[in-house]
Amino acid sequence: MTVVAFDFDGTLSDSEMTVLLGDRNGTADDMAEITERAMNDEIEYAESLRQRCALLEELPDEEAQAAFDQVELRPGAADVIAALRDAGVYVAILTGGFERGVAAALEREGVEVDAIVANRLPVEGDALTGTVEGPLIEGTKDDALEVLTAVVGADRTDTIAVGDGANDLPMLQVAGLAVGFDPKPAVAPACDTIVETMEELHEVLQGEDVLD
């Protein structure tokens, strides 16, 4: 079985969840600056994520959900996901972003994936605590991809990883095919091929005989 693992923010979506959340309490500019430094590999991803989540302390959970409801898939992403599922491909989303935002975006487009590996923002007393929990804070996407391939019985050479930022490097480096989606300069050298639209990605997948 072929496994296709997608990053979410910056890849399947051009929304940046922490920025949308930051819009709710006036910290969006700070969020964007920290995110950019992390994606360019100027600061450790785990530290950047903790810094961003700390800015959300005491944000009412209803405001957080409103931000998650704004998360959207980029044009053509739902079509690629649906085509992969129809072709019997195991589709996973591996993201340092948040489960609720991914779920909201998929539900809006009426598509599903086989697995979502993402982080969570704990809530206490109807507000965010400013902390973050989940497998992709210290954990890396190559480990997550290895677990998925073991679960579905796939060979690592039959995996395709699609991502754009520095925290995608581990899975891009171990996948059978590394696809950069408009990747950051620090990421491009690790990519076997680079695309800038979902239509181009569809063509790459056809070229690899993953899609008809």
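The values are calculated or read from the model by the stated rules, or taken from the named source; none is laboratory data. Just so it is clear, the structure is predicted and the values come from calculations on it, not from any experiment. Please note: Cβ atoms are built from the backbone with ideal geometry, for glycine as well, and neighbour counts cover all protein chains shown. With ligands, DNA and RNA removed, areas are computed over all heavy atoms of the protein, side chains included. Shrake-Rupley method; radii C 1.70, N 1.55, O 1.52, S 1.80 Å.
Overview of results
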| item | result |
| --- | --- |
| Residue, nearest to GLU47 (Cα to Cα), within region 90-105, restricted to residues that are open to solvent by less than 10 Å² (accessible area, probe 1.4 Å) and out of contact with any helix residue (DSSP H, G or I) (no Cβ under 8 Å at 6 or more places or on another chain) | VAL102 |
| From the options GLU107, GLU58, GLU99, residue that is assigned by the TED database to the domain that holds GLY125 and either farther than 30 Å from ARG156 by Cβ or at pLDDT below 95 (or both) | GLU107 |
| Candidates VAL80, VAL71, VAL111, VAL89, filtered to the one that is touching a His at 6+ places or on another chain (Cβ under 8 Å) and under 18 Å from PHE181 (Cβ atoms) | VAL80 |
| Residues located in region 183-212, provided they are in contact (Cβ under 8 Å) with a residue 24 or more places away in the chain, open to solvent by 40 Å² or more (accessible area, probe 1.4 Å) and assigned to a loop (DSSP other than H, G, I, E, B) | LYS184, PRO185, ALA186, THR197, GLU208, ASP212 |
| Within region 8-27, tally of residues that are open to solvent by 10 Å² or more (accessible area, probe 1.4 Å) and under 19 Å from the mean Cα position of the chain (by Cα) | 7 |
| Which listed residue is of a type in the set (Gly, Ala, Ser) and at pLDDT 95 or above, from SER13, SER48 | SER13 |
